[in-house]
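What follows is a short report on a single structure.
The values are calculated or read from the model by the stated rules, or taken from the named source; none is laboratory data. This one's a predicted model, so the numbers in the text were calculated from it and none came from an experiment. When we count neighbours, we look across all protein chains shown, and the Cβ atoms used for this are built from the backbone with ideal geometry, even at glycine.
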Amino acid sequence: MAAEFTHLHLHTDYSLLDGACDVDKLAGHLSKIGQTAAAMTDHGNIFGAVHFFDAMQKKGLKPILGCELYICKNEDHRAPFNDDKYNHLLVLAENEAGYRNLVRLTSEAALHGFYRKPRVSKAFLAKHSEGLIGFSGCLAGEVNQHLMEGKYDEAKRTAGFYEDLFGKGNYFLEIQDHGLAPDKAVCDSLFKLERELNIPLIATNDSHYVAADDSRAHEILLCVQTAGSMNDPKRFKFDT
């Protein structure tokens, strides 16, 4: 029997001009290939929560509600904006308390922390972390950013901070392999962190569209986002 896999890092078309997973098409495809659950983790919002929940349940699938948060590097996300520096952090709602905190976090980010992106601070996250499960995130996550800069000790400190914030067993080191140059080096360091800190690993795919046939349409979508051109060889695109 093949090992089960559940997508826990997935961007629907509610990740505006970035994700291209049509929610209804996604639910149908998951059912067709025999998967039983999936998470919705759009960038900075949960606009698609009801749509996603209903579409998944209609196909007999388990919907998992989450978000890829923008965690600002300033201590106070409401402070006068002097930069837009942030890191990604993925969270999933484990229960109703987690869902309510997800609503609080995304609402606060959009209403009071918006500067180019809807951001929240670590302090605000700490006050609203009950019922949430956290992942270290993609290459734009704080842990991985430190690892890519060769700052292993800082990455270790950051991973320990988030484990304390979410609680033991509620924080995971997220490994991905999209065939990109930084993935291998980051993954090796994450395995080392897992051994030294005893923080469990979880494998995800940073999914932005449903099937290989959607890749060109997604590339065009990215051109719309960045005001780029498909004729420009240096345009922003996904390499794999």
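Overview of results
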read-out	value
Which numbered condition VAL50 fails, given (1) part of a helix (DSSP H, G or I); (2) surrounded by fewer than 14 Cβ atoms within 10 Å (Cβ to Cβ); (3) over 21 Å from the mean Cα position of the chain (by Cα)	(3)
Residue match in the range 204-211 (condition: on the phi < 0 side of the Ramachandran plot, surrounded by 14 or more Cβ atoms within 10 Å (Cβ to Cβ) and free of Cβ contacts under 8 Å to residues at least 40 places away in the same chain)	no
Filter result for the condition that a residue is without any contact (Cβ under 8 Å) to a residue 60 or more places away in the chain, in contact with a Leu (Cβ under 7 Å, 6 or more places away or on another chain), among the polar types (S, T, N, Q) and not in a loop (DSSP other than H, G, I, E, B), over SER189, SER215	SER189
Residues located in the range 39-65, provided they are of a type outside the set (Asp, Glu) and either touching a Gly at 6+ places or on another chain (Cβ under 9 Å) or on the phi > 0 side of the Ramachandran plot (or both)	ALA39, MET40, THR41, HIS43, GLY44, ILE46, ALA55, LYS59, GLY60, LEU65
Selected residue (criterion: surrounded by the fewest Cβ atoms within 10 Å (Cβ to Cβ)) from residues of the range 32-41 that are in contact with an Asp or Glu (Cβ under 9 Å, 6 or more places away or on another chain) and closer than 19 Å to ALA20 by Cβ	GLN35
Boolean, ALA93 is buried (at least 19 other Cβ atoms within 10 Å of the Cβ), in contact with a strand residue (DSSP E or B) (Cβ under 9 Å, 6 or more places away or on another chain) and more than 26 Å from TYR14 (Cβ to Cβ)	no
Qualifying positions in the range 162-186 - part of a strand (DSSP E or B) and small (Gly, Ala, Ser)	none
Hits in the range 166-200 (condition: surrounded by 16 or more Cβ atoms within 10 Å (Cβ to Cβ) and of a type in the set (A, V, I, L, M))	LEU173, ILE175, VAL186, LEU190, LEU193, ILE199
Flag for ASN101 being among the polar types (S, T, N, Q) and under 25 Å from HIS7 (Cα atoms)	yes
Every pair of residues 6+ apart whose Cβ atoms lie under 6 Å, when the first sits in the range 42-53 and is over 15 Å from ALA20 (Cβ atoms) while the second is of a type in the set (A, V, I, L, M) and assigned to a strand (DSSP E or B)	ALA49/LEU65
Test: residue in the range 74-85 that is modelled with pLDDT under 95 and crowded, with 21+ Cβ neighbours inside 10 Å	yes
Filtered residue count, the range 97-148, keeping only those that are touching a residue at least 60 places away in the same chain (Cβ under 8 Å), assigned to a helix (DSSP H, G or I), within 15 Å of ASN87 (Cα to Cα) and among the hydrophobic types (A, V, I, L, M, F, W, C)	1
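Matching residues to (1) touching an Asp or Glu at 6+ places or on another chain (Cβ under 8 Å); (2) charged (D, E, K, R); (3) within 27 Å of PHE191 (Cα to Cα):
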| site | (1), (2), (3) |
| --- | --- |
| VAL50 | no, no, no |
| GLN57 | no, no, no |
| GLY66 | no, no, yes |
| ASN87 | yes, no, yes |
| ARG104 | no, yes, no |
| ALA110 | no, no, no |
| GLY137 | yes, no, yes |
| ASN144 | no, no, yes |
| LEU147 | no, no, yes |
